[in-house]
Every structure is written in C-alpha cells, then in structure tokens.
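Quick notes on the structure that follows.
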Amino acid sequence: MSVTPEVPIEVGVHSRLWHLSIDLMCVTDTKGVLLAVNKAWTRTLGWTEAELRNVNIESLIHPADLEGTRAERSSLARGRPTLRFDNRLRCKDGTYRQISWRAAPAQGLTFAVGRDITERLEREALLRQAQKMDAVGQLAGGIAHDFNNLLTILKSSVEYLQKAGVPEERRARYLSGMATTVDRATKLTSQLLAFARRQKLEPEVFEVGEKIAEVCQLLRPLIGDGIEIVSEASAEPCFVEADVCQFETVLMNLAINARDAMEGQGEIHFQVEAVPSTPPIRGHAAAQGDFVAVQVRDTGPGISTEISSKVFEPFFTTKPPGQGTGLGLSQVYGFVKQSGGNIDLRSGPDGAVFTIYLPRCVHASSSPEVAPDPPPAAATADSLRVLLVEDNEEVGRFCLGLLNDLGHRATWVSNAAEALALLEAHHGRFDVVFSDVVMPGMSGLELAEHLRTARPDLPVVLSSGYSPALANPGAHGFRIISKPYSPTEVSEALKAVAAAPPGAPAPRDPASVGDRAAPRRL
C-alpha cells in the first residue's frame with residue numbers, strides 16, 4: 001500500500017483484504033488526490049502504486065464523466081455516502097474501463113471501492129443486440145410468410161390471365177381475387193407501420209365515451225350472444241386528439257382477443273375516466289399530466305407472465321396457424337405510443353385488463369364551416385398536364401401509362417433536379433406535379449416546399465409507400481396519397497388540387513389534415 005508521509009493511512013487488520021481484493025480501493029483527500037491505492041489498480045488499469053501516488057484522480061477520468069464525478073465528490077464533502085456511481089478511468093495503454101463506485105467520507109478523507117464492470121456491460125450490450133436480432137428475425141420471418149402467401153395469389157393469377165382464351169367469368173374472378181389480395185397487403189403494411197409508430201395518422205378531437213358507445217354497437221353482433229358487453233362512461237367529458245379509425249380498430253382488436261380468450265362466454269367491460277397521471281409501465285416512470293384512461297377488461301382465464309411480456313411483439317400469437325397474423329396487439333401498442341400515450345396490461349385468474357392512456361385535451365368548439373365557393377369550370381378540366389417525378393423505373397413507367405389512360409398528358413422524370421430543370425425551361429407547360437416522397441437527393445417533400453415558394457401557382461400531389469412525412473401529414477399541408485393507390489385516388493387528388501385557388505392549403509381529405517386547427521392541451 002502506498003501512503004504519503006504527510007498523511008499516514010492506517011490499514012490495520014484490513015490490510016490483507018486491501019491487497020487481495022480484485023476491486024479498486026483508494027483513499028483520497030477532499031480535492032480528489034489519491035493518497036492510497038491497492039494493487040487492483042495495477043491489475044485493472046496498469047498503473048503502479050508509485051505512479052498514482054499524489055495524482056488527482058480527475059486526470060484519469062474520461063472527460064465526459066468529469067462533471068458528474070465532481071458533483072458526486074461535492075455530495076461526499078457534505079457527508080452523504082455514494083451507494084452507486086459509475087465513471088470511466090483511463091488505463092496506462094490509453095483505453096478506458098467502466099468502474100462502479102461506492103464511497104463514504106470520514107475524518108476529512110474519502111474511502112472508495114470501485115468494481116470494474118466493463119466486461120459485464122459488454123455482455124449486456126451483446127445480449128441486447130442478440131435480442132434485437134431475434135426480434136428482427138421474427139419480424140422478417142412473419143413478413144416473408146404473409147407476403148409470400150399474398151404474392152402466390154398474385155403470381156398465379158397473373159400467369160393464368162396471360163393465357164389465351166380465358167373465359168370472361170374466370171377472368172373476372174381472378175381479377176377480383178387480385179384486388180382483394182392487394183387490399184390485404186395494404187392492411188398488412190398498415191399494421192407494420194402502426195407497430196413501428198410510422199403510420200399515417202389523421203388526428204381529430206372526439207369524446208372517448210361517445211366513441212366507445214358507438215363501437216360497442218358494432219361489436220355486439222361480432223362478439224356473439226354468449227358475451228355481455230358493458231360500457232361505463234366517465235362522469236365528465238373526456239376528449240382526446242387521435243385517429244378515430246385507428247382508435248376504433250384498437251378497441252375491436254382488444255375485444256376480439258378477449259372474446260377468443262373467453263371462448264364465447266363471459267363479459268367485456270369498457271371503462272373511461274380522466275386521470276392525473278399514468279402509473280409506471282414496463283420500466284417507464286410514471287407520467288404526470290391530464291390523461292384519459294380507457295380500460296378494457298374481460299372475465300377470461302388471464303394471461304401468464306411469460307406471455308404477457310411478449311404480447312406487444314410483432315407476429316407473436318397464441319392462436320393456431322392461419323387464425324391470426326400476430327400483429328393486432330403490436331398495432332395497438334404502436335398507435336397508442338404514436339398518439340403520445342401508453343398501454344398497460346394487468347392480468348390475473350379473473351381475467352386480463354388492458355388500460356390505454358391518451359393525453360386529454362379541451363374540446364374547442366368552432367364555428368360551423370362555410371363551404372367554399374365552387375371553383376371556376378375551367379379549373380376542373382378532365383385533362384391535366386402532369387409532371388410525374390418518380391425514381392423507381394417500374395413504378396414510373398406504370399404510373400405514366402396510368403395517367404395517360406386517365407386522360408391526362410403526363411411527362412415523367414426520375415428525380416427532383418430534372419423536374420426543376422424542366423419547370424424552369426417550360427414555365428407554363430404543366431398544371432400539376434405528381435411526385436414520390438422518398439427519392440435520392442432532394443426528396444419529394446423538399447421539392448414541394450421549394451415549389452410552394454418559387455411557384456405558388458403550381459399545385460403538388462405527393463405519394464409514398466412509407467415516409468416519415470406520412471406519419472405527420474399536418475406538418476406540411478400537401479395532398480398525400482399512399483401507395484398502393486388506385487386510379488380513382490390519383491384522379492381525384494389531381495383534380496382536387498388543380499381546382500383549388502393558387503396558394504390554397506391542401507383540401508381536407510383522408511390524406512391531409514394540414515388545415516385542421518390544433519386543439520388546446522390541458
């Protein structure tokens with residue numbers, strides 16, 4: 001043990017522990033100067049006892065950890081012991097080790113014990129990475145399984161329809177099946193985006209109790225006669241700002257899961273109340289504020305602890321193959337989190353209780369909307385000059401043909417730079433720009449924002465299969481249609497923006513909520 005002559009440190013009967021310990025032990029003065037260190041410092045960091053004598057420990061601490069260490073030393077100086085504090089110490093070879101400290105002040109000195117937790121943290125990081133990869137593998141496997149089923153229908157149908165002499169009745173049946181398959185694929189991607197909290201939400205203010213009463217009416221024939229549905233509204237109105245369709249889907253998902261768990265016999269109870277906070281949920285601290293709690297409980301057998309920890313994972317299901325995608329509760333979780341809330345699950349032998357917490361808002365009544373004057377007849381012409389901006393060659397070629405089949409005159413470019421160059425060279429050549437959002441270089445949204453300033457007379461319609469822009473369409477106010485889109489959706493969007501006065505916000509429709517006034521938060 002190294003001790004300065006000026007400040008003798010009496011190890012006494014503990015000297016053997018001092019020398020044998022694998023943990024770092026030290027004594028410092030109030031300024032952090034090392035007065036004594038044990039041999040573990042050499043084994044762990046490489047510094048000898050002589051090299052550390054009278055060295056301020058701050059010279060060994062990682063710069064990013066200095067401020068926190070000084071604050072902890074100030075706390076020790078006030079007589080408060082340290083039960084757990086982590087920082088990084090520099091080794092002699094220049095690397096750093098993560099040390100977890102316990103310390104206590106006594107007789108004007110600080111006595112500290114530090115444990116090297118570097119390897120433990122590395123193992124924990126590797127475990128978390130492995131768990132993430134397992135989740136990604138499960139997600140990829142689920143997506144591949146479901147989409148391969150859908151693609152099988154499409155591929156077989158296309159191959160059959162390419163044959164000569166297919167009877168019209170069979171042709172119509174195959175085309176109908178293809179359309180249904182596309183709708184199923186669209187729903188699947190919507191569920192995935194909901195889980196990832198990247199779905200396109202269309203928030204509006206509504207009273208939760210009234211909406212639940214409407215959903216209960218829809219559920220009664222779906223749930224069956226053996227299950228009683230009870231709805232208990234709050235004594236005071238509870239308004240939230242959320243996507244109404246997604247909220248209804250959440251309630252129906254929870255109710256159908258409850259029905260399956262009860263095997264057709266029991267009770268589903270909906271309850272709404274205003275609460276001042278959310279409880280701690282899955283390791284997250286309680287959140288203070290005004291929330292609306294929507295409780296859905298059943299009288300089934302409950303959910304085991306092992307299963308309840310996995311219910312919000314994508315493609316996790318306890319149902320037999322073919323009876324569920326395993327995306328229902330992950331979609332519930334994604335919608336709730338994207339809406340600024342949380343969801344809790346409590347379960348016991350008397351049933352499962354799901355509680356959804358959504359931020360509460362004040363219902364701001366507004367004056368009745370006045371319908372705008374009809375646009376001039378010339379603005380609703382069926383034939384528009386469309387500048388199509390699409391970087392995907394297959395989609396661009398298909399959409400070009402689609403626009404021409406709709407009676408428009410379309411020109412296709414593959415990126416925003418080409419579009420701007422063409423617009424600059426031919427100022428009055430186009431009536432509307434129809435652009436993809438996700439493109440290399442300048443995105444479609446950046447192109448639209450540039451044109452809103454440079455060419456306010458030229459309307460823009462955006463489309464994308466996925467983009468962060470779709471998760472919050474009200475942030476920009478442009479008309480957006482989601483891929484896959486139908487000819488009718490494209491036609492209506494182009495005509496709507498072309499008919500609007502120059503500089504007007506995007507028309508209020510399922511793809512744009514940019515002109516909605518935001519409600520006041522409590």
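Coordinate-derived values only; no laboratory data. Given the structure is predicted, the values throughout are model-derived calculations rather than measurements. Glycine gets a Cβ as well: all are built from the backbone with ideal geometry, and neighbour counts include every protein chain shown.
Using just the Cα positions, wrap region 12-116 in a convex hull and report its mean projected area in square nanometres, one decimal place. Don't skip to the end; give the middle numbers.
Details: hull surface 24.7 nm².
Mean projected area of the Cα convex hull: 6.2 nm².
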| field | Charge context of Gln271, other residues only, Cβ under 11 angstrom, K/R +1, D/E -1 | value | -1
| Net charge of Cβ neighbours under 13 Å - reference Pro280; Lys, Arg +1; Asp, Glu -1 | +1
| said: Rounded, prolate or oblate, given the Cα gyration tensor of region 204-255, with a/c below 1.5 counting as rounded? | reply: oblate
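Can you say what percent of the DSSP beta bridges in region 206-361, counting only those with both residues inside, are antiparallel? Round to 5. Let's see the in-between values first.
Numbers: 29 of 35 bridges.
Roughly 85 percent of the DSSP beta bridges within region 206-361 come out antiparallel.
Quick check: net charge around Gly396, other residues with Cβ under 10 Å of its Cβ, Lys/Arg +1 and Asp/Glu -1?
Values: positive: Arg397; negative: Glu390, Asp391, Glu393, Glu394, Asp436.
So the environment of Gly396 carries a net charge of -4.
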| query | region 249-297: which GluC sites (Glu not before Pro) are DSSP loop and have at most 15 other beta-carbon atoms within 10 angstrom? | reply | Glu263
| Ranked highest first by average number of other Cβ atoms within 10 Å, how do 232-245, 115-128 line up? | 232-245, 115-128
| message | Can you give me the C-alpha center-to-center distance between region 252-273 and region 389-409, rounded to a whole angstrom? | response | 46 Å
| By average Cβ neighbour count within 10 Å, what is the ranking of 152-160, 57-65 from highest down? | 57-65, 152-160
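When you count, for each residue, the other Cβ atoms within 10 Å and take the mean per peptide, how do 409-417, 33-41 rank with the highest first?
On the way: 409-417: 18.0, 33-41: 21.2.
Result, highest mean Cβ count within 10 Å first: 33-41, 409-417.
So for Leu24, Leu400, fewest C-beta neighbours within 10 Å to most, what's the order? Write out the running numbers ahead of the final one.
Numbers: Leu24 23, Leu400 16.
Neighbour counts put them in this order, fewest first: Leu400, Leu24.
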| task | Please quote Rg/Rh for region 255-297 to two decimal places, taking the Kirkwood radius as Rh and restricting both calculations to Cα atoms. | result | 1.13
| field | Euclidean distance between Cα centres, region 32-78 to region 95-128, Å | value | 12 Å
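Indicate the gyration tensor shape class of region 377-499 (rounded, prolate or oblate), computed on the Cα atoms with a ≥ b ≥ c the square roots of the eigenvalues: a/c under 1.5 is rounded; otherwise a/b larger than b/c is prolate and the rest oblate. Working shown, then result.
Working: a/c = 1.20, a/b = 1.11, b/c = 1.08.
Taking the square roots of the gyration eigenvalues as a ≥ b ≥ c, region 377-499 is rounded.
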